[in-house]
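In what follows, a structure is listed as structure tokens, so that the remarks can point back to it.
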Amino acid sequence: MIKDMLRRQRIETPSWAYGNSGTRFKVFAQQGVPRDPYEKLADAAQVQVHTGVAPTVALHIPWDKVDDYGDLARHAAEVGVSIGAINSNVFQDDDYMLGSVTHPDARVRAKALGHLLECVDIMDQTGSDTLKLWFSDGTNYPGQDDIRARQDRLAEALSAVYERLGEGQRFLLEYKLFEPAFYATDVPDWGTAYAHCVKLGPKAQVVVDTGHHAPGTNIEFIVAFLLREGKLGGFDFNSRFYADDDLMVGAADPFQLFRIMYEVIRGGGYTEETAFMLDQCHNIEPKIAGQIRSVMNVQEATAKALLVDRDALAGAQREGDVLGANAVFMDAYNTDVRPLLAELREEMGLAPDPMAAYAKSGYFQKIAADRVGGAQAGWGA
Ligand code: PSV
Ligand code: MN
């Protein structure tokens, strides 16, 4: 039963995780990094080959811009993956210094909206059903712009994108507390994202990027609440110690990941309707292996969450047995699920240890030798 649930799990990897990345201080180039979206998909396919639960890849436009998206989708199928969410980018053009869809100038707003609509065109061409919207929009100084008018402009743009969505398509609205805006971000929290999505209708849902909260925020509460309202569209998984660190999910706080996955299961969100995506950058660790490790971290948290004895927990909760209820929860968390997952992988025809299998495959040595010359993909290219 638990194994069946784990076998059905789907975790989407992001194309940008395979490119070079870094901080504003330095982007370190690594060996074998893809030069184009085709090579990114080939790398993502390795994660699928060794884990069996990562069959889709999120694209970021314009980082993954190609002439022929139909051809890219065909290439994806050839290497054994398919295209997942299309991530829009209205944060890297000079025009967006004061915002994109909330910019005070109507010309800039129209340009940003044009990009979002282009992303829906790309969904049509790739067969993707999910558009991910993240806005860096906001202000740095009190009085800089009209906070309320910016909400009106945001609502207008979201409504136009919503109207453009086709049958079976949806958008996920992502929030982020701060950065790059340092005073007031236009979509800073789940409440703002939720309110806009509720107004628009069922094709608009909230995506929870686990790195986008103030320290100490109870993310599992947000997950429980959004699921209860039918508004949790998915996750951008990563982990953070300080700000939006984009580190490997489950690295900073595996217990938090377990608590989140418990609420997902408890709230009926463990279905194909919820997008479980990674949104990470591997600045100093090897990228494909970093993605494999991340997928395994999500699997481990999920297995532990599935192990929670729900009947015993409900019983203890009914009795007001505080310590008993907590013990049921902790028992599951403290279970070593690695043998169970190793067994499952063998049943799926995979190696029990994906990290070791990938290392043994020689794929990294091959791309390091083959991918010489050309411009390596990076965060922003
Ligand atoms: C913004 O910080 C974000 O989380 C959005 O999802 C972007 O699309 C992504 O990072 C880019 O890495
Ligand atoms: Mn994100």
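The values are calculated or read from the model by the stated rules, or taken from the named source; none is laboratory data. The structure displayed is predicted, hence computed values, not measured ones. Using ideal geometry, Cβ is built from the backbone for each residue, glycine included, and neighbour counts are taken over all protein chains shown.
Some points to look at:
- Residue 235 satisfies every condition listed in (1) touching a Gly at 6+ places or on another chain (Cβ under 6 Å); (2) crowded, with 24+ Cβ neighbours inside 10 Å except (1).
- Within the stretch 72-123, the set of residues being crowded, with 20+ Cβ neighbours inside 10 Å, within 16 Å of ligand 2 (Cβ to nearest atom) and aromatic (Phe, Trp, Tyr) is empty.
- Test: residue in the stretch 217-230 that is out of contact with any strand residue (DSSP E or B) (no Cβ under 9 Å at 6 or more places or on another chain) and closer than 30 Å to residue 26 by Cβ: yes
- Within the stretch 124-139, the set of residues being of a type in the set (Gly, Ala, Ser), away from ligand 2 (no atom under 16 Å from the Cβ) and surrounded by 17 or more Cβ atoms within 10 Å (Cβ to Cβ) comprises just one member, 128.
- Residue in the stretch 121-132 that is of a type in the set (Val, Ile, Thr), out of contact with any Ser or Thr (no Cβ under 6 Å at 6 or more places or on another chain) and within 15 Å of ligand 1 (Cβ to nearest atom) present: yes
- Helices (runs of 4 or more DSSP H) wholly inside the stretch 143-234 that include at least 2 residues being within 16 Å of ligand 2 (Cβ to nearest atom): 190-200, 219-228
- Pair list, Cβ under 7 Å, 6 or more apart: the stretch 169-193 residue on the phi > 0 side of the Ramachandran plot, other residue of a type outside the set (S, T, N, Q) and within 14 Å of ligand 1 (Cβ to nearest atom): 179/243; 179/244
- Unmet criterion (only one of (1) away from ligand 2 (no atom under 16 Å from the Cβ); (2) of a type outside the set (Gly, Ala, Ser); (3) buried (at least 17 other Cβ atoms within 10 Å of the Cβ); (4) part of a helix (DSSP H, G or I)) for residue 270: (4)
- Restricting attention to the stretch 93-115, the residues that are within 17 Å of residue 186 (Cα to Cα) and touching a Phe, Trp or Tyr at 6+ places or on another chain (Cβ under 9 Å) total 7.
- Selection count where residues are away from ligand 1 (no atom under 14 Å from the Cβ), on the phi < 0 side of the Ramachandran plot and touching a residue at least 12 places away in the same chain (Cβ under 8 Å), scope the stretch 226-241: 6
- Residue tally, condition among the hydrophobic types (A, V, I, L, M, F, W, C), surrounded by fewer than 16 Cβ atoms within 10 Å (Cβ to Cβ) and assigned to a loop (DSSP other than H, G, I, E, B), over the stretch 332-380: 3
- Some residue of the stretch 154-176 being surrounded by 20 or more Cβ atoms within 10 Å (Cβ to Cβ), within 14 Å of ligand 1 (Cβ to nearest atom), hydroxyl-bearing (Ser, Thr, Tyr) and farther than 23 Å from residue 93 by Cβ: no
- Residues being more than 15 Å from ligand 2 (Cβ to nearest atom) and polar (S, T, N, Q) - total across the stretch 292-301: 2
- Restricting the first member to the stretch 274-285 and to residues that are touching a residue at least 24 places away in the same chain (Cβ under 8 Å) and within 15 Å of ligand 2 (Cβ to nearest atom), and the second to residues that are among the aromatic types (Phe, Trp, Tyr) and in a strand (DSSP E or B), the beta-carbon pairs closer than 6 Å and six or more apart or on different chains are 276/235; 278/237.
- Verdict on residue 249 being in a loop (DSSP other than H, G, I, E, B), closer than 20 Å to residue 10 by Cα, at pLDDT 95 or above and within 14 Å of ligand 1 (Cβ to nearest atom): yes
- For the stretch 290-330, taking the residues that are among the polar types (S, T, N, Q) and closer than 19 Å to residue 52 by Cβ, the one that is surrounded by the most Cβ atoms within 10 Å (Cβ to Cβ) is identified as 291.
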